[in-house]
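The structure that follows is given in the form of structure tokens.
The values are calculated or read from the model by the stated rules, or taken from the named source; none is laboratory data. What you see is a predicted model; the values in this text were computed from it and never measured. Here the Cβ positions follow ideal geometry from the backbone for every residue, glycine too, while neighbour counts run over all protein chains shown.
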Amino acid sequence: MSHPLVEKLIANIEQAVIGKPEAVRLTVLALLAEGHLLIEDVPGVGKTSLAKALARSLNCKFTRLQFTPDMLPSDILGSSVFLPNVGEFEFRAGPIFSHIVLADEINRTTPRTQSALLEAMSESQVSIEGKTRVLERPFFVLATQNPFEFEGTFPLPENQLDRFMLCIDIGYPDPSVEKEILTTHRRGQPVDKLQPVLEVSQLESLQQATRDIRVDDSISEYLLKIVTATRDHSQLTMGVSTRGALTFYRAVQARALIENRDYATPDDVKQLAIPVLAHRVVCQGVVREGHRDKARTVIRQILDNTRVPA
């Protein structure tokens, strides 16, 4: 049984994102845990629709950023504009000043522009022209990239990947689901017809409730054993950081809330290990194309070899 408010949100999003319940739930999970989401998948599988549906369901400000090689940090953060009639500068906020930001094809832009998101994602604030400006809450970044296209791209460095709570894919729909998609899109985009089901204040209450979820010491120790195993594994040159362990902990709390529990279980840890940890490790001697699959295989091995608490 799911939390009633969360279930209402998920059901509304699924009207526009058909046949992908796990991707929808993990997106909502990242939002509840106050993290950010990276989707690695081919174009045209519903990444933009997912972000739009989430924003419309919450009746909050949404911005889509299409990253390109010539994009500058000021295109994201904003800048000051001189007003001749009053003889002074006025700050014009950039698209980062939104509740939900879709960073589309984030690996298409330069590291300098990618790093403009770093402070915003980790601190919910940005520094512009020597002044710190706090972003509105909630603040959620949903970034996308194509894992099979490398020409003209700038791979995200490990420290920026670490800022994403989850890394998931959506995948192609089943044939029966794809037929339903053709039917529902006959008269336009279903996402454009969505109505809000939650207010921002209700989302903030859910985020606070997520922080209050109880995590028993045995669950914390189980989680940390998995994290520690990534640092000692022979096939990994870099394991999960302490920040990654804390992110893992918060994600586990969010999954418990979605399941309408006030406590975490070992199953929460097992179900989230791959989407939370796989993009944080570096595999030994693996080319970029095969890194994602190898990292997931190693995390599965670690789960199989770690004793589950009673």
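Which one is farthest from Arg214 (Cα to Cα), of the residues in the stretch 246-263 that are among the hydroxyl-bearing types (Ser, Thr, Tyr) and either in contact with a Leu (Cβ under 8 Å, 6 or more places away or on another chain) or assigned to a helix (DSSP H, G or I) (or both)?
So the first thing to find is which residues in the stretch 246-263 are among the hydroxyl-bearing types (Ser, Thr, Tyr), and the list is 247, 249, 263.
Checking the rest, the ones that are also either in contact with a Leu (Cβ under 8 Å, 6 or more places away or on another chain) or assigned to a helix (DSSP H, G or I) (or both) come to 247, 249.
On the way: Thr247: 15, Tyr249: 11 Å.
Taking the candidates together, the pick is Thr247.
Related question: Looking at the stretch 122-131, can you tell me whether even one residue there is part of a loop (DSSP other than H, G, I, E, B) and at pLDDT below 85? It would help to see each step written out before you state the result.
As a first pass, look at the stretch 122-131 and keep what is part of a loop (DSSP other than H, G, I, E, B): 124, 129-130.
Subset that is at pLDDT below 85: 129-130.
Within the stretch 122-131, one or more residues are part of a loop (DSSP other than H, G, I, E, B) and at pLDDT below 85.
Then there's this: Can you work out which of the residues in the stretch 43-93 that are over 18 Å from Arg133 (Cα atoms) and aromatic (Phe, Trp, Tyr) is modelled with the lowest pLDDT?
The extreme case among them is Phe82.
One line per residue, one yes/no per condition, for (1) buried (at least 16 other Cβ atoms within 10 Å of the Cβ); (2) touching a Cys at 6+ places or on another chain (Cβ under 7 Å); (3) of a type in the set (Ser, Thr, Tyr):
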site: Ser241; (1), (2), (3): yes, no, yes
site: Gly244; (1), (2), (3): yes, no, no
site: Thr247; (1), (2), (3): yes, no, yes
site: Leu257; (1), (2), (3): yes, no, no
site: Asn260; (1), (2), (3): no, no, no
site: Ala264; (1), (2), (3): yes, no, no
site: Val276; (1), (2), (3): yes, no, no
site: Val281; (1), (2), (3): yes, no, no
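To continue, here is another question. Please determine, by comparing only the residues of the stretch 190-203 that are surrounded by 13 or more Cβ atoms within 10 Å (Cβ to Cβ) and not β-branched (Val, Ile, Thr), which one is farthest from Val17 (Cα to Cα). Outline the logic, then answer.
Here is the first cut: in the stretch 190-203, the residues surrounded by 13 or more Cβ atoms within 10 Å (Cβ to Cβ) are 190-191, 194, 196-198, 200, 202-203.
With the extra rule that they be not β-branched (Val, Ile, Thr), the set shrinks to 190, 194, 196, 198, 202-203.
On the way: Pro190: 9, Leu194: 11, Pro196: 15, Leu198: 18, Gln202: 22, Leu203: 20 Å.
So the residue we want is Gln202.
Is it the case that Ala273 is in a helix (DSSP H, G or I), hydrophobic (A, V, I, L, M, F, W, C), modelled with pLDDT under 95 and not assigned by TED's automatic domain parsing to the domain that holds Glu7? Let's see the steps before the verdict.
Working: in a helix (DSSP H, G or I): yes; hydrophobic (A, V, I, L, M, F, W, C): yes; modelled with pLDDT under 95: no; not assigned by TED's automatic domain parsing to the domain that holds Glu7: yes.
Against the criterion (in a helix (DSSP H, G or I), hydrophobic (A, V, I, L, M, F, W, C), modelled with pLDDT under 95 and not assigned by TED's automatic domain parsing to the domain that holds Glu7), Ala273 does not qualify.
Next question, about the same structure. Note down all Cβ pairs under 8 Å where the first residue falls in the stretch 218-245 and is assigned to a strand (DSSP E or B), the second is of a type in the set (Asp, Glu) and surrounded by fewer than 20 Cβ atoms within 10 Å (Cβ to Cβ), and they're at least six residues apart or on different chains.
Once the first residue is assigned to a strand (DSSP E or B) and sits in the stretch 218-245, its partners that are of a type in the set (Asp, Glu) and surrounded by fewer than 20 Cβ atoms within 10 Å (Cβ to Cβ) give Met238/Glu158.
How many of the residues in the stretch 105-139 are among the hydrophobic types (A, V, I, L, M, F, W, C), more than 30 Å from Glu151 (Cβ to Cβ) and surrounded by 13 or more Cβ atoms within 10 Å (Cβ to Cβ)? Explain how you work it out, then say what you get.
First pass over the stretch 105-139, keeping only residues among the hydrophobic types (A, V, I, L, M, F, W, C): 106, 116-118, 120-121, 126, 128, 134-135, 139.
This time we only want the ones that are more than 30 Å from Glu151 (Cβ to Cβ), so: 126, 128, 134-135, 139.
Adding the requirement that they be surrounded by 13 or more Cβ atoms within 10 Å (Cβ to Cβ) leaves 126, 128, 135, 139.
Residues flagged as among the hydrophobic types (A, V, I, L, M, F, W, C), more than 30 Å from Glu151 (Cβ to Cβ) and surrounded by 13 or more Cβ atoms within 10 Å (Cβ to Cβ) within the stretch 105-139 amount to 4.
Give the residue that is nearest to the chain's Cα centre (by Cα), with candidates limited to residues of the stretch 143-176 that are surrounded by fewer than 13 Cβ atoms within 10 Å (Cβ to Cβ) and either acidic (Asp, Glu) or part of a helix (DSSP H, G or I) (or both).
Looking at residues that are surrounded by fewer than 13 Cβ atoms within 10 Å (Cβ to Cβ) and either acidic (Asp, Glu) or part of a helix (DSSP H, G or I) (or both), I get Asn159.
So, one more: Looking at Leu102, Leu54, Leu65 in this structure, which one is buried (at least 20 other Cβ atoms within 10 Å of the Cβ), assigned to a helix (DSSP H, G or I) and either out of contact with any Ser or Thr (no Cβ under 6 Å at 6 or more places or on another chain) or on the phi < 0 side of the Ramachandran plot (or both)? Even if it seems obvious, please write down each step before you answer.
Numbers: Leu102 fails: assigned to a helix (DSSP H, G or I); Leu65 fails: assigned to a helix (DSSP H, G or I).
Answer to the check: Leu54.
Sticking with this one: Out of all the residues in the stretch 57-98, which are under 18 Å from Thr144 (Cβ atoms) and touching a residue at least 60 places away in the same chain (Cβ under 8 Å)?
If we filter the stretch 57-98 for residues that are under 18 Å from Thr144 (Cβ atoms), which is where we start, we get 62-69, 71, 75-76, 95-96, 98.
Residue satisfying the conditions is Pro69 alone.
Please go through the stretch 82-96 and give me each residue that is hydrophobic (A, V, I, L, M, F, W, C) and either under 23 Å from Ser115 (Cα atoms) or surrounded by 12 or more Cβ atoms within 10 Å (Cβ to Cβ) (or both), ordered by number.
First, pick out the residues of the stretch 82-96 that are hydrophobic (A, V, I, L, M, F, W, C): 82-83, 86, 89, 91, 93, 96.
If the condition is that a residue be hydrophobic (A, V, I, L, M, F, W, C) and either under 23 Å from Ser115 (Cα atoms) or surrounded by 12 or more Cβ atoms within 10 Å (Cβ to Cβ) (or both), then Phe89, Phe91, Ala93, Ile96 are the ones that fit.
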